[in-house]
Each structure stands twice: as C-alpha cells, then as structure tokens.
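Participant: Let me give you the structure first, and then I'll get to my questions.
The values are calculated or read from the model by the stated rules, or taken from the named source; none is laboratory data. On a predicted model such as this, the values are computed, not experimentally measured, just so you know. Using ideal geometry, Cβ is built from the backbone for each residue, glycine included, and neighbour counts are taken over all protein chains shown.
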Amino acid sequence: MKRPSLAVAANRVFAVATLGALSYSPAAAQGIDYSRLEIKTTDLGQGVYLLNWQGGDSLILVGDDGVLLVDTSVAAMGDKIKAAIGKVSDKPIKLIVNTHAHADHVGANEALAKGGATIVAHANLRDRMAKGFTAFGQAIPPAPPAALPTVIYADAMTLHFDGETVQLFHPPNAHTDSDTLVHFRRANVIHASGTIGGDGGYVFFDMASGGSLAGTIVAEDKMLSLADDKTRIVADEGDPASTEMLRASRDMLVALRTRVQKLIDEGKSEDEAVAAKPTKEFDAQWVHQGNFLTGDAMTRMAYQSLKSARPPTTPNPSGGLPR
Ligand SMILES: [Zn+2]
C-alpha cells in the first residue's frame, strides 16, 4: 500500500488539524500553490479514468457523445481538470456529478459546466451550495446559480451514459450529509465520496457537515454490497482501494464503534476514552505519517459522533439503519 510522503501529506487539501478541538484549516489558509500540483490520469478501463491531484479526486467516463465528470475539484484546479479531460477526449462535458459539498469536489462547477453540462447531486448538496456553508472552518459563500446542481435526487438515481449504467446512492450522514456513492457498473468502479480513507488511511467523517461514524459504516456496507473482488473504490486521494481494503476499513470502524460506545456506556469522558487507546491495535496500519487522522483523533471523532448519536436524515438505501 502506497504511503504518502510528508511533502504529499502537507499538500493534502485539508491536512492541518488542532487535534484537541478537532478543528481543521482549509487549503486556502495554508497557501497551497495549486500551480505546482499535477493531475495524474489513470485508465480504469471501459472509458473510465481517474484524475488524481492529491485532493478530491475526479473520475471521468468518456463516451462517443461526451464526457461524464464526477467532481470538479477546487476552483483553482478547474483549468487543469479541463486540460486532463482534453487529453483523453475532445468531446464536451455533458454531465457532472458532485459527490459531496466540500470545496475540493464542487469548487470548479461553474467553470466546467459552462459548455452546457448538467450538474447532478443530492438535494442536501444543492441546499448547502445555494445557502453557503462552512466546512473545515472555512466559510463558503452562496454559489452563483451557474454552479448549482439542476438535477437533484433523494435516495438513489440511475444514469445511462454511452452504454454504461451509473448508479447514484445517498448514504445519509456518512462523510457529510450530502454524499453520493457513484457506481460505474460496467467498469466496476465506485467513487466513495470520502467515505473511505485515502491511501488506506483512517477515514474522516465531517460531523460539522452532518457526517457520522454510524453513517460511514452504512456507506461502506453499501459499497461492499455493490462490489466484487475486482472492484476499484476511489477515495479522496491516492490509488483506488480494493474491496479487501474496504472490508478491512468497515471491520475496523465497527470494532472502533463497539469499543468507544463501551467507554461511553461506562461513563468515561472524551479525554478518558482517548487515554484508553481504543485504536491501539489499528494505528500501525491506518495512521499515515503527516496525516491529521491519528488514533487519538479517530477516538475523539468516534466519541463525539456516538455521543451525539445523530439519526439519519433520510432512509438508508441499503435498508438497514445505523445503530
Ligand atoms: Zn470531503
């Protein structure tokens, strides 16, 4: 499993955290020089390509008539995304799917939809973009109309595009409250909308954006129900994860939930739960040097999420409800 270097981790869009308060600083505050970031294009087969730039990775599906784009990246990367698409297709972008309302997934919507693309997303994403929202401590102002999704859905939706069947599923309160899992059935690729950690690391659920531990487990279960042993699962960064990695992540999260819930039931405070080191046996595998997601950070996130026990806002597409 590829491990990000410190330099790469430092370039990660949301890599800085004050662990005690679990508050995160956006890339803008770190002065990331996007002009130095390159997009790496990987052919995943059947017309699907991964566009990887160390932030909210994009996917494209290239057909005879046009291009379907999943996630537009930050505004500053829009031209590079466009250029990367241009290297594999001279056709226009026809459809854009936004996986969730974080700036590295919706930031270049307006620029990339300019040629007439239709933007599709979950209803909560349009809501957040229309009203403006705060993510990672960064206030995102209301988006201009041209950047907003015009086709929205509630639980699930199917797109037929140049012979491919693209299924969209909304897992409630997972990485955020606006997630879309995107399943390319023929290509056997799933975009995880941030519900699995990049490069095999711990997964981040953004509670300030409606995310939760329980919902992230449900999202991973949903992806496992769609996957076979050859499925590639696209996280926010790095190489796609395997189904085996996804299963390991789900099992780790379930164990973490059980342990932290037990500590809560025993009346332990958040600091006492951290001191009990419930992630101890997992950290060697799931903590990456330079990443803000340490074992202690995961324990704090799990504690806060289970303590608030936010119920899902919409029915879970896979049938079960988070416990
Ligand atoms: Zn995200």
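Participant: Kindly indicate whether Asp206 is of a type in the set (D, E, K, R) and under 12 Å from the mean Cα position of the chain (by Cα).
Facilitator: Numbers: of a type in the set (D, E, K, R): yes; under 12 Å from the mean Cα position of the chain (by Cα): yes.
Judged against the criteria, Asp206 is a match.
Participant: Going by what's in this entry, would Gly238 be described as over 21 Å from the mean Cα position of the chain (by Cα) and either outside any helix (DSSP H, G or I) or more than 21 Å from His175 (Cβ to Cβ) (or both)? Before the answer, list the steps.
Facilitator: On the way: over 21 Å from the mean Cα position of the chain (by Cα): no; either outside any helix (DSSP H, G or I) or more than 21 Å from His175 (Cβ to Cβ) (or both): yes.
Judged against the criteria, Gly238 is not a match.
Participant: Also, quick follow-up: Ile190 passes all but one of (1) in contact with a strand residue (DSSP E or B) (Cβ under 7 Å, 6 or more places away or on another chain); (2) assigned to a loop (DSSP other than H, G, I, E, B); (3) buried (at least 21 other Cβ atoms within 10 Å of the Cβ); which number fails?
Facilitator: (2)
Participant: Continuing with this model, one more query. Condition test on Gln167, is it over 28 Å from Phe282 (Cβ atoms), in contact with a strand residue (DSSP E or B) (Cβ under 9 Å, 6 or more places away or on another chain), at pLDDT below 95 and not basic (Lys, Arg)? Reasoning before the result, please.
Facilitator: Working: over 28 Å from Phe282 (Cβ atoms): yes; in contact with a strand residue (DSSP E or B) (Cβ under 9 Å, 6 or more places away or on another chain): yes; at pLDDT below 95: no; not basic (Lys, Arg): yes.
Spelling it out, it is not the case that Gln167 is over 28 Å from Phe282 (Cβ atoms), in contact with a strand residue (DSSP E or B) (Cβ under 9 Å, 6 or more places away or on another chain), at pLDDT below 95 and not basic (Lys, Arg).
Participant: Looking at region 56-96 only, could you name the residues that are within 16 Å of the ligand (Cβ to nearest atom) and touching a Phe, Trp or Tyr at 6+ places or on another chain (Cβ under 6 Å)? Talk me through it step by step, then tell me what you get.
Facilitator: The first filter runs over region 56-96 and keeps only residues within 16 Å of the ligand (Cβ to nearest atom), leaving 56-59, 70-75, 77.
Listed by number, the list holds a single entry, Met77.
Participant: If you take the residues in region 124-159 that are in contact (Cβ under 8 Å) with a residue 24 or more places away in the chain and of a type in the set (Lys, Arg), which one is nearest to Ala113 (Cα to Cα)?
Facilitator: Arg126
Participant: If you check Asp199, Asp179, which single one turns out to be in contact with a Pro (Cβ under 9 Å, 6 or more places away or on another chain), of a type in the set (Asp, Glu) and within 20 Å of Leu69 (Cα to Cα)? Working first, answer last.
Facilitator: Numbers: Asp199 fails: within 20 Å of Leu69 (Cα to Cα).
Only one candidate passes the filter, namely Asp179.
Participant: Take the residues in region 213-252 that are of a type in the set (D, E, K, R) and within 19 Å of Ala302 (Cα to Cα), then tell me which one is nearest to the ligand (Cβ to nearest atom).
Facilitator: Of region 213-252, the ones of a type in the set (D, E, K, R) are 220-222, 228-230, 232, 236-237, 239, 244, 247, 250-251.
Among the residues that remain, those that are also within 19 Å of Ala302 (Cα to Cα) are: 220-221, 247, 250-251.
Details: Glu220: 15, Asp221: 19, Arg247: 22, Arg250: 19, Asp251: 23 Å.
Ranking the candidates gives Glu220 first.
Participant: Same structure, new question: Filter region 122-143 for residues that are closer than 13 Å to Thr176 by Cα, of a type in the set (A, V, I, L, M, F, W, C) and within 16 Å of the ligand (Cβ to nearest atom) and give the result.
Facilitator: Leu125, Phe133, Ala135, Phe136
Participant: Take region 228-245 and flag every residue that is surrounded by 20 or more Cβ atoms within 10 Å (Cβ to Cβ) and in contact with a helix residue (DSSP H, G or I) (Cβ under 6 Å, 6 or more places away or on another chain).
Facilitator: Pass one, region 228-245, residues surrounded by 20 or more Cβ atoms within 10 Å (Cβ to Cβ): 231-238, 240-241.
Residues satisfying the conditions are Thr231, Ile233, Ala235, Asp236, Glu237, Gly238.
Participant: Looking only at region 67-82, filter to residues that are free of Cβ contacts under 8 Å to residues at least 40 places away in the same chain and not β-branched (Val, Ile, Thr); which one of those is nearest to Ser178 (Cα to Cα)?
Facilitator: Of the residues in region 67-82, the ones free of Cβ contacts under 8 Å to residues at least 40 places away in the same chain are 67, 73, 75, 78-79, 82.
Now narrow it down to the ones that are not β-branched (Val, Ile, Thr): 73, 75, 78-79, 82.
Details: Ser73: 16, Ala75: 19, Gly78: 22, Asp79: 25, Lys82: 25 Å.
Only one residue fits best here, namely Ser73.
Participant: In addition: Tell me, please, whether a residue that is closer than 16 Å to Ala101 by Cα and either out of contact with any Cys (no Cβ under 6 Å at 6 or more places or on another chain) or part of a loop (DSSP other than H, G, I, E, B) (or both) can be found in region 220-235.
Facilitator: So the first thing to find is which residues in region 220-235 are closer than 16 Å to Ala101 by Cα, and the list is 235.
Then drop every residue that is not either out of contact with any Cys (no Cβ under 6 Å at 6 or more places or on another chain) or part of a loop (DSSP other than H, G, I, E, B) (or both), which leaves 235.
Yes, there is a match, as at least one residue in region 220-235 is closer than 16 Å to Ala101 by Cα and either out of contact with any Cys (no Cβ under 6 Å at 6 or more places or on another chain) or part of a loop (DSSP other than H, G, I, E, B) (or both).
Participant: Okay, next question. Within region 81-100, identify whether any single residue is crowded, with 23+ Cβ neighbours inside 10 Å, out of contact with any strand residue (DSSP E or B) (no Cβ under 6 Å at 6 or more places or on another chain) and farther than 23 Å from Phe161 by Cβ, and answer yes or no.
Facilitator: Scanning region 81-100 turns up no residue that is crowded, with 23+ Cβ neighbours inside 10 Å, out of contact with any strand residue (DSSP E or B) (no Cβ under 6 Å at 6 or more places or on another chain) and farther than 23 Å from Phe161 by Cβ.
Participant: Now a separate question. In this structure, is Phe204 within 10 Å of the ligand (Cβ to nearest atom) and more than 17 Å from Ala123 (Cβ to Cβ)? Outline the logic, then answer.
Facilitator: On the way: within 10 Å of the ligand (Cβ to nearest atom): yes; more than 17 Å from Ala123 (Cβ to Cβ): yes.
It is true that Phe204 is within 10 Å of the ligand (Cβ to nearest atom) and more than 17 Å from Ala123 (Cβ to Cβ).
Participant: Consider only pairs whose beta carbons are under 9 Å apart and that are at least six residues apart or on different chains; among these, list those whose first residue lies in region 164-175 and is under 20 Å from Ile60 (Cα atoms) and within 16 Å of the ligand (Cβ to nearest atom) and whose second residue is at pLDDT below 95 and not polar (S, T, N, Q).
Facilitator: The qualifying pairs are His170/Pro317.
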